[in-house]
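FYI, it's all coordinate maths here, none of it is from the lab. Note that this is a predicted model, so its numbers are computed, not measured. Methodologically, a virtual Cβ is constructed for each residue, glycine included, from the backbone with ideal geometry; neighbour enumeration extends over all protein chains shown.
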Amino acid sequence: MSTAELVNHKPGRSYLLSAVAIVSSVVVFVIPFAFIVLTAMKDRQQAADLDFTWPHQFQFVQNFVEVVKARDYMLVIAFINSTILTVASVAGMVVLAAMAGFVLQRRRSKWNGFINFLVLSGLIIPPAVVPTIWVLQKLGLFKTMPGLILIEIAFGLSFCILLFRAFVATIPRELDEAAIIDGAGPLRLFFRVIFPLLRSVIITVVVVQSVNVFNDFVNPLYFLPGDQNATVQLTLYNFSGQFSTQYNLLFMDILLITIPPLIMFLFFNRQIVAGMTSGAIKG
Amino acid sequence: MKSVTITSIRPRSRSDATPAAPAAGGKFYTPYSFWFYLPTAVIYSVLFLVPTFASFYYSLTRWSLFESKFIGLDNFVLFFQEPALVKGFTNTLIFAVVTSGSKVVLGLLLAVLLTSRIVGRGYLRSVVFFPVLVSTIGVGLLFQVLMNPEQGLINGALGVIGIDGPGWLTDPKWALMSIALVDVWKGVGLATLIYIAGIVSIPREYMEAARVDGAGSWESFRRIVLPLSRPATVTVVILSLIGGLRSFELIWAMTRGGPGFTSDVISSVIYKQYQAGFYGLSTAGNVILFLVVTAIVLPLSWFLNRKEVNL
């Protein structure tokens, strides 16, 4: 029995409450998702009715093929782009933030206060859009994938550094000392001794940030415009013209781009929860 | 003489000590090299700090990315004179306050519910949390369809029980609140999760002691759960305020700031001015957003973190 179970310790009540909770969760959360799935299987005319009905005829495969083929296989290109973006930027974030978080936790210096301030600013301050484009243009990175990858890394670093710093604090210093006595230099100490121990927090960072980067719409919109460079979030606008939205295809697309986060959720539920609730207990 | 003074110094405690011995020449050897900061520092400064500082200057100019002309505070004056832009400013504040307020209340209630002994707890937790992971644009387009005034599922359902639903996204009075509603729908799972983590970490003994003393459900909630989940509340408030003030994707997906400019927020104004080529004005919007976020979040987090929990 956990703490909160003791709060509601009258056992008789909970069946009615459970029934109410489950029914309302179905209405509020399950029906919208069921609506996506059902509409994705309808034909174009029935989908345009926008109602919650069973499809007259199932067109799952046909809709799937049409969505993939739309605008010269844009969705395929977008999936490739998104995958490259997500993998590269998350890998960069993990390595850089782990190094920074490690030194930030271990080394006491007069700069620590300032560095912590910078890390927190990164969480709070909204990035300035046009000046960032200006900087990217000066560097020759505007409208390029490497540019967007660096942007995602820069904006995601703060969150990762905080997680890594907190986790490094739980690794005993004696371990560092032992490694140093055995002759390890700074790089060796970090990559051979510390980095492998960070495994659980690395998984958390990877899962949370890859969902974030994959779902990101704003940064690709600003920093990587153009159909050739589309990421998956931008493909959603393929099917919604002002007057002739193809709802079956639109919802098929939503369904397809929801699958990667869903897989993450099914396999890494615990790590996602750990990452997103860090800070809830300590404040 | 000197060596005597050295030996008489109390050895520093282990945690304070520099782990490795100082090398010759007075320079300390440390395995925690500042070089480790270098790549992070370069990326972060070039792509985040430089643009942030540059935005302060360029917000005072008429700017075409290649040349800029200093025009003083004209952009800011324009921002606070043009009704469309002022609307964006006030909407941002309303949106952030409404969404974070609802997330705190609903998140806490759901967390208490989902830590109690009810049937299907795991299912409920998953289903409440899952929207957090779904693409914001996808959710926006989904609800655009569900909130369709004539054909939409929501008004259809309300019609069955005899309520004439409003034009959620087409009525200027409702548009912003409808988006806020969807934002809460999508984000409440995260608030709930944070509260659950907070509640679960409350030591059992407190509850047991309260029960022995004869406290009912309400009293234990009021006297124990509420004060002790304060760190969670701080996290939820700060996170959802930051998110709410910066919110763009959902608004863009659902109304693009419309009808008219009644659901514009600062972020959507920034994007619209950027598209229109008014880079100076867009950057001024960014500076205003920066000032709003810091002016609200910094004092608030200082205030919330300062107060100690007294049980």
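Counts of other chain beta carbons within 10 angstrom of each beta carbon in peptide B:109-118 average 6. Over the residues of chain A, the helix contribution to mean residue ellipticity at 222 nm works out to -22500 deg cm²/dmol, using -39500 (n - 2.57) for each DSSP H run of at least 4.
So if R0 is 56 Å, what FRET efficiency would A:THR83 and A:LEU16 give, r being the distance between their Cβ atoms, rounded to the nearest 0.05? The value I calculate is 0.75. If the elastic network links every pair of Cα atoms under 10 Å, which of B:THR136, B:THR90, B:THR99 fluctuates the most in the Gaussian network model of chain B? Of B:THR136, B:THR90, B:THR99, the Gaussian network model singles out B:THR90 as fluctuating most. For the pair B:LEU38 and B:ILE163 in one chain, pulling the backbone fully straight at 0.36 nm per residue adds 38.9 nm over the alpha carbon distance. Between 0 and 90 degrees, the angle of helix A:31-41 with respect to the longest Cα principal axis of chain A falls at about 60 degrees.
The residue among B:ALA111, B:SER267, A:VAL193 whose Cα reaches farthest toward the positive pole of the charge dipole of the protein assembly as shown, with charges on the beta-carbon of Lys, Arg, Asp and Glu, is A:VAL193.
A protection proxy built from the mean count of other Cβ atoms within 10 Å ranks the segments A:112-120, A:125-133, B:126-134, most packed first, as A:125-133, B:126-134, A:112-120. Couplings 3J(HN,Hα) of the range A:153-165, computed from phi: 4, 4, 7, x, 4, 3, 4, 5, 4, 4, 5, 5, 4 Hz, in residue order, whole Hz [Karplus 6.51 cos²θ - 1.76 cosθ + 1.60, θ = phi - 60°; x for Gly and Pro]. Of the residues A:SER82, B:SER282, the one with the fewest other Cβ atoms within 10 Å heads the list, and the complete ranking is A:SER82, B:SER282.
Sorted into 5 angstrom bins from 0, the C-alpha pair distances of the range B:169-311 split as 2, 9, 14, 14, 15, 13, 10, 8, 6, 5, 3, 1, 1, 0 percent. On a C-alpha basis, how far is the centre of the range A:38-87 from the centre of the range B:230-272 in Å? Whole number, if you could? So the two Cα centres are separated by 28 Å. Rg over Rh for the range A:75-208 works out to 1.03, both radii taken from alpha-carbon positions and Rh defined as the Kirkwood radius. At the listed q of 0.25, 0.28 Å⁻¹, the Debye profile of the range B:47-105, built from one uniform point per Cα, gives log10 I(q)/I(0) equal to -0.97, -1.02. Extents of the protein assembly as shown, largest first, come to 96, 74, 50 Å (Cα atoms, principal axes, whole angstrom). Checking the Cα-Cα distances for A:LYS42/A:LYS69; A:LYS143/B:LYS272; A:LYS138/B:LYS69; A:LYS143/B:LYS87 against a 25 Å cut-off, the pairs over it are A:LYS143/B:LYS87. Comparing chain B with the 2.2 N^0.38 Å rule of thumb, its C-alpha radius of gyration ratio is 1.35 (two decimals). Charge dipole of the range B:75-306 (Cα centre as origin; +1 on each Lys and Arg Cβ, -1 on each Asp and Glu Cβ, all else neutral): 520 debye, rounded to the nearest 20.
Helical runs (DSSP H, four residues minimum) scored at -39500 (n - 2.57) apiece and divided by the length of chain B put the mean residue ellipticity at 222 nm at -19500 deg cm²/dmol. Taking amide hydrogens as placed 1.01 Å from N in the peptide plane, the amide H of B:TYR29 sits under 5 Å from those of B:ALA23, each at least 5 positions away in sequence or on another chain. Summing Lys and Arg as +1 and Asp and Glu as -1 over all other residues whose Cβ lies under 11 Å from the Cβ of B:VAL236 gives a net charge of +2. Can you tell me the dipole magnitude for chain A around its Cα centre, using point charges on the Cβ only (Lys, Arg +1; Asp, Glu -1), in Debye to the nearest 20? It comes to approximately 940 debye. Counting Cβ atoms of other protein chains within 10 Å of each residue's Cβ and taking the mean over peptide A:15-25 gives 4. Size descriptors for chain A: radius of gyration and Dmax over Cα atoms are 23.7, 74 Å.
Peptide A:250-261 has a mean shielding of 3, counted as Cβ atoms of other protein chains within 10 Å of each residue's Cβ.
With θ taken as phi - 60° and the Karplus curve 6.51 cos²θ - 1.76 cosθ + 1.60 applied, the whole-hertz 3J(HN,Hα) list for the range A:74-89 is 4, 4, 5, 4, 4, 5, 4, 4, 5, 5, 4, 4, 5, 4, 5, 6 Hz, x standing for glycine and proline. Converting phi to 3J(HN,Hα) with the Karplus coefficients 6.51, -1.76 and 1.60 and the offset θ = phi - 60°, the range B:157-168 yields 5, 5, x, 4, 8, x, 9, 8, x, x, x, 3 Hz in sequence order, with x at every glycine or proline. Between the amide H of B:THR61 and those of B:ILE71, distances stay under 5 Å, these residues lying 5 or more places away or on another chain, with hydrogens modeled in the peptide plane.
Here the range B:284-308 and the range B:151-206 have alpha carbon centers that stand 25 Å from each other.
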